[in-house]
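Notes for the one structure printed next.
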Amino acid sequence: MHAYSTAEWQGLFIAEAGASAALAGLLFVAISINLARILQGAGLPGRAGEAIVLLVAVLVISTLALVPGQSPTVLGAELLAAGLVAWSVLVTIHVRAVRGRVGPSSRVRAGRIVMAQAAVLPLLVAAVSLLLRAGGGPYWLVPGVVLCLVIAVLDAWVLLIEILR
């Protein structure tokens with residue numbers, strides 16, 4: 001087994017692709033159920049966008065990692081591109097939230113931003129690590145993917161349940 005090969009990670013990537021796709025589908029249902037309230041709530045459209053970006057990032061990364069026969073360099077470049085797109089969209093959402101002073105407090109807003117960034121940054125580290133073939137490679141995907149899923153589920157909870165309070 002090559003340390004930076006994802007050949008033995010297929011089971012994980014299949015599970016993550018399936019989980020993220022299913023959660024994204026449920027998120028779209030949750031958004032459609034509460035669309036009027038989400039559009040009226042300050043910051044809620046951004047929260048919905050954040051959840052979608054995180055789930056799609058996991059789906060895209062898992063799908064790319066399942067492509068057979070890729071070198072670590074090619075996979076690293078693909079993951080870097082996908083991670084940078086997700087990160088840049090999240091930064092845009094977060095900048096708007098800060099400028100609009102969205103959320104119950106600046107502390108809550110900052111916590112949300114830190115958590116979302118903490119989810120995406122390991123994906124970028126994994127990409128760079130694969131490109132350099134040093135530093136852990138695919139092992140960085142595990143905390144990134146788990147955090148993406150957890151934060152997206154928390155965002156979905158707010159959009160489906162907390163919005164009704």
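The values are calculated or read from the model by the stated rules, or taken from the named source; none is laboratory data. All figures in this text were calculated on a predicted structure; none of them were measured in a lab. Methodologically, a virtual Cβ is constructed for each residue, glycine included, from the backbone with ideal geometry; neighbour enumeration extends over all protein chains shown. Surface areas here come from the heavy atoms of the whole protein model, side chains and all, with no ligands, DNA or RNA. Shrake-Rupley method; radii C 1.70, N 1.55, O 1.52, S 1.80 Å.
Rolling a 1.4 angstrom probe over the chain with all protein chains present gives an accessible area of which 71% lies on carbon and sulfur atoms. Assuming charge only on the beta carbon of Lys and Arg (+1) and of Asp and Glu (-1), the dipole of the chain about its Cα centre is about 740 debye to the nearest 20.
How would you order 109-116, 43-50 from highest to lowest mean count of nearby Cβ atoms within 10 Å?
Ranked from most to least packed, the peptides come out as 43-50, 109-116.
Along the axis of the charge dipole computed for the chain (Cβ charges of +1 for Lys and Arg, -1 for Asp and Glu, origin at the Cα centre), the listed residues LEU12, ILE163, GLY76 are led at the positive end by ILE163. Size check on the range 119-161: the Cα extents along the three principal axes, sorted descending, read 43, 12, 8 Å.
Its Cα gyration tensor gives the chain an equivalent ellipsoid. The semi-axes, each the square root of 5 times an eigenvalue, are 31, 17, 11 Å from largest down.
Once you order the gyration tensor axes a ≥ b ≥ c over the Cα atoms, which shape class does the range 66-143 get: rounded for a/c under 1.5, otherwise prolate or oblate by comparing a/b with b/c? Before the final figure, lay out each step's value.
On the way: a/c = 3.76, a/b = 2.55, b/c = 1.48.
Prolate shape, in that a/c is at least 1.5 and a/b is the bigger ratio.
Mind checking the per residue accessible area of the range 40-85 for me, 1.4 Å probe, whole number of Å²?
Working: 1840 Å² over 46 residues.
That works out to 40 Å² per residue.
For the range 1-133, the relative contact order comes to 32 percent (Cα pairs under 8 Å, sequence separation of at least 6).
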